[in-house]
Amino acid sequence: MMKKIAIVITAFVSLALTGCQTDPWEDIEEGNWNNERSILSLKFENQIGQPVITRTDENAGEIEVSINADAVPDLSSITLEQLVLSYNAKSTVVEGESLNFENENNTSSLVVTSPTGKTREYTIKVNPFQETILGTYQIQDLVLYGGTGPEYGGGGVLSLTSKPWVWPENGPEKELDNYLVFDLSGITEEGNTYGTVTNYAGEDETYAEFTFVAEPTTDVNHFYRKIPKGQAEWSRNYTNGTITFTFEDGRTTTGTFEGPGTEDLGNGLSKTIENYAFAFNLNGTDDWDNIYSDYDKFVKKPRRYWIDVVKE
């Protein structure tokens, strides 16, 4: 009997104590603890790449974004498409509204307020972006870095046309009157550009066939046909700095678009780009039995490949 009374008393005490406690979620819901007033991410229409967001101090922040200037008449009305704030914060500008960046500094601002009423003003600077790859390019040269054991003198940097005897009559030289025309189709949600590229065959109306005709005869189009014949698609990824070409059959090749400069390849070798070049890393296989040979450089161990172009 005494045991039952003790259990009942314990139950009443526990109930009483529970009734005196405050709801632990109440403060969280009311936000009395939350001074956060940050922009975590945002996206404007026709934005290229990701924004750079900096909290300068407790009261100020800075954001830099790039906007495709080719897609808008001016910067006076740029729509904010996405805005992610810290928990329960509010902004003076919401998704779907526009900001005016048409001024000397290409800046505008918005204020973020925390649940406790603290504020931070973000200054947003727009960098007008123009897709630099658009236009017409004349192919000037096809250059290869290849060879097994470059540390032993097995590597070399040479034009594909410098060894005409290892190619058929319609070999690499047939590309040197070709020209490329890049057009813009649009921008992805991630801020990457894409469009069409047309590889015109030039006056000879002939594309190169990349077949190594010296012994042993080997088809190496998979190494050197990086830009498709005729019309194809291109896309440019500004996060990793690459350009991808998509062939009619869905196959893709990925490289980079390089400006003037000299690339140090090591072992006393280098490649100088005078104007522009599309550069591709190649995955050949070491062939120590054929080191120093044309076959090794062109067929077995090609390493890097440049399509040198001049913009018209």
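The values are calculated or read from the model by the stated rules, or taken from the named source; none is laboratory data. What you see is a predicted model; the values in this text were computed from it and never measured. Because the Cβ atoms are built from the backbone with ideal geometry, glycine has one as well, and the counts that use them run over all protein chains shown. With ligands, DNA and RNA removed, areas are computed over all heavy atoms of the protein, side chains included. Shrake-Rupley method; radii C 1.70, N 1.55, O 1.52, S 1.80 Å.
Quick notes on this structure:
- Ala232 within 30 Å of Asn68 (Cβ to Cβ) and either hydrophobic (A, V, I, L, M, F, W, C) or within 28 Å of the chain's Cα centre (by Cα) (or both): yes
- Filter result for the condition that a residue is hydroxyl-bearing (Ser, Thr, Tyr), modelled with pLDDT of 95 or more and not in a strand (DSSP E or B), over Thr123, Thr148, Thr132: Thr148
- Qualifying residue in region 154-166 (condition: in contact with a helix residue (DSSP H, G or I) (Cβ under 9 Å, 6 or more places away or on another chain) and farther than 27 Å from Asp287 by Cβ): no
- Considering only residues in region 253-293 that are in contact with a Lys or Arg (Cβ under 6 Å, 6 or more places away or on another chain) and among the acidic types (Asp, Glu), the one that is surrounded by the most Cβ atoms within 10 Å (Cβ to Cβ) turns out to be Asp287.
- Residue match in region 171-187 (condition: open to solvent by 60 Å² or more (accessible area, probe 1.4 Å) and among the small types (Gly, Ala, Ser)): yes
- Test: residue in region 216-233 that is open to solvent by 40 Å² or more (accessible area, probe 1.4 Å), over 19 Å from Lys174 (Cβ atoms) and in a loop (DSSP other than H, G, I, E, B): yes
- The combined condition, being touching a residue at least 40 places away in the same chain (Cβ under 8 Å) and crowded, with 17+ Cβ neighbours inside 10 Å, is fulfilled by Tyr145.
- The condition of being open to solvent by less than 70 Å² (accessible area, probe 1.4 Å), in a loop (DSSP other than H, G, I, E, B) and closer than 23 Å to Trp167 by Cα does not hold for Gly250.
- Unique residue being under 30 Å from Leu80 (Cα atoms) and among the charged types (D, E, K, R) when the list is Asp219, Asp204, Asp183: Asp183
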